[in-house]
Amino acid sequence: MPQHPDDVAAHYERLADDFEESWAHSPAFVSWMNRCIHARLRLRPGDRAADIGCGSGLYARSMAEHALTVVCVDPSAKMLAKLPTMTSFVPVRASIEDLATGAVRLPHTGQLDAVLAKDVIHHARDVPTALRTLAALLAPGGRLVVVTWPLRIDYPLFDKAVKRHEQAYIDPADMARVLTDCGLTVEVTCQTYRLSIAKEKWLAWVANRFMSLLSSFDDDELGEGLREIDTRYPGPVIEFEGRFVFTHAQAPAHS
Ligand SMILES: C[S@@+](CC[C@H](N)C(=O)[O-])C[C@H]1O[C@@H](n2cnc3c(N)ncnc32)[C@H](O)[C@@H]1O
């Protein structure tokens, strides 16, 4: 079941200061993810791009190195406040729902060459509406990349958390159908990256509920979960496969 938007908002306002401490812990991983994104977005100088649910701009930064403009969209003021100052960034405080209803209209709507939505689509109140909204942002020939987690994740979490992820899972095949119905050409691919994290660090992040998935557990459940992880992974370092699904869509050259 999707989390209530107020809970999601509170989660990111609370987490903003520590967001990159965990999610950007490995520069090698961030570079790898940037390569995966750029292989699909194929940014060119002069391109107008947007990062929807940009957070602290972890991936928008690299987009800005290749594009003329990056519209950085996020409903969390505290996350947007973490964006570095870059002349090509255009920060916009909005949710996907604000774009869908027309409450907020982005600069270059319908004229964007590239749109990224990484680790955000699971927060949309209605995923098909959100995807149609993203598709409508694109210029003819524009590219959209939606990054999500697969059903089977290898993250060192406790069983109840894994189950909650599976219950809220968004099937890329469903996303592909919606985008195909919008007239886009769609390709879904999965890539993996081997992550290695000191167990002490990982347990501290989990205790801090660094994933929005974890914010739905109360203190007792989380304490139990932490003990489960501690027992399951006895060594000082935890290694696992980070798996990511890239739903990559392209608008027809001329509509
Ligand atoms: C897991 S973070 C991902 C941030 C960034 N894309 C990254 O990969 O580093 C999710 C981001 O989506 C934003 N968000 C939450 N609900 C949203 C919504 N309905 N529409 C757009 N963004 C949303 C949050 O504020 C947060 O910054």
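Results, tabulated for the structure shown:
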| read-out | value |
| --- | --- |
| Pick from segment 158-181, criterion touching a Lys or Arg at 6+ places or on another chain (Cβ under 9 Å) and touching a residue at least 60 places away in the same chain (Cβ under 8 Å), ranking: nearest to residue 118 (Cα to Cα) | 179 |
| Boolean, residue 26 is surrounded by fewer than 23 Cβ atoms within 10 Å (Cβ to Cβ) and in contact (Cβ under 8 Å) with a residue 60 or more places away in the chain | yes |
| Check on residue 106, touching a residue at least 40 places away in the same chain (Cβ under 8 Å), surrounded by 18 or more Cβ atoms within 10 Å (Cβ to Cβ) and assigned to a loop (DSSP other than H, G, I, E, B) | yes |
| Some residue of segment 101-112 being within 12 Å of the ligand (Cβ to nearest atom), within 21 Å of residue 177 (Cα to Cα) and modelled with pLDDT of 95 or more | no |
| Residue count, segment 79-118 (criterion: of a type in the set (Asp, Glu) and touching a strand residue (DSSP E or B) at 6+ places or on another chain (Cβ under 8 Å)) | 1 |
| Candidate set: segment 191-223, residues that are more than 20 Å from residue 55 (Cβ to Cβ) and under 18 Å from the mean Cα position of the chain (by Cα); chosen: the one surrounded by the fewest Cβ atoms within 10 Å (Cβ to Cβ) | 192 |
| Residue list for segment 79-92, restricted to those being free of Cβ contacts under 8 Å to residues at least 60 places away in the same chain and near the ligand (Cβ under 10 Å from one of its atoms) | 80 |
| Boolean, residue 237 is modelled with pLDDT of 95 or more and within 20 Å of residue 122 (Cα to Cα) | no |
| Segment 177-190 - residue that is more than 19 Å from the chain's Cα centre (by Cα) and not hydroxyl-bearing (Ser, Thr, Tyr) and, of those, nearest to residue 250 (Cα to Cα) | 184 |
| Which numbered condition residue 141 fails, given (1) at negative phi; (2) touching a residue at least 12 places away in the same chain (Cβ under 8 Å) | (1) |
| Hits in segment 231-255 (condition: crowded, with 16+ Cβ neighbours inside 10 Å and not polar (S, T, N, Q)) | 233, 238, 240, 242, 243, 244, 245, 246, 248, 249, 251 |
| Only one of 222, 195, 134 that is touching a residue at least 24 places away in the same chain (Cβ under 8 Å) and touching a Leu at 6+ places or on another chain (Cβ under 8 Å) | 134 |
| Among (1) at pLDDT 95 or above; (2) closer than 30 Å to residue 237 by Cα - the single one residue 152 does not satisfy | (1) |
| Whichever residue in segment 127-150 is assigned to a strand (DSSP E or B) and within 15 Å of the ligand (Cβ to nearest atom) and, among such residues, is surrounded by the most Cβ atoms within 10 Å (Cβ to Cβ) | 146 |
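The values are calculated or read from the model by the stated rules, or taken from the named source; none is laboratory data. From a predicted model like this one, the values you see are computed outputs, not experimental measurements. So basically every Cβ, Gly included, is an ideal-geometry build from the backbone, and we count neighbours across all protein chains shown.
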